[in-house]
Amino acid sequence: NISSCGEITSSGNYFLTKDISASERCIEIHDTQNANLDCNNHIIGSTLGSSSNVDIPLIVNRVQNFSIKNCDIRPDSANLGNSIWILNSNSGTIEKNTISQGQGKIRKIDVYKSDNLKITDNNIGGIYNQSESSSNRIINNRFKNDGLPSVAGVIRLTQGKNNIVENNIIDGGWDGVYPESNTIQDY
């Protein structure tokens, strides 16, 4: 059972027992294999720390065979930032999570050099950004922009191959009312 922020560096099944938050980073899973985190619908949060301009509630780095599920991930700072950062990791599942927008800013899942992932059944208040990653499946997710007119939910894949993007819903959050302005804006 996990009841505070920290590192996971061993194989096993981990269960969040309450809402947790820390400055900059909350949970970092790294340098291991067969690590599974079930948040039981609790919050993993982060706030911008004094020594960094990065607040990332959940990081997965150099992990083989992992899962992250049932998490409510909430970065608290007003910066555009990552909610989940997955790098140099393979054979993982990210499912049934909520990635919340924070203080009027878009959040994102960032994937870098990570293959054979399944990103499914998540509610994402922002962007999925993937680079140098292959054979990933992004399916059955809902991307929603809760009121920021300049960015809708976006799926961005670069420098990879054999990825599948299927059956996702992208909701730009437009209320159907044009702003009172003489400028043309995209919606």
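Once the chain from K113 to D19 is taken as fully extended at 0.36 nm per residue, the excess over their C-alpha distance is 30.9 nm. You can think of it this way: the chain between S11 and N40 has 8.5 nm of extra reach, that is 0.36 nm per residue less the Cα-Cα gap. Ordering 29-41, 125-137 by mean Cβ neighbour count within 10 Å, with the highest value first, yields 125-137, 29-41. Between R142 and R62, the FRET efficiency from the beta-carbon distance, with R0 = 22 Å, is close to 0.15.
Values quoted throughout were computed directly from the atomic coordinates according to the rules given, and no laboratory measurement underlies them. Computed from a predicted model, the values in this text were never measured in an experiment. Please note: Cβ atoms are built from the backbone with ideal geometry, for glycine as well, and neighbour counts cover all protein chains shown.
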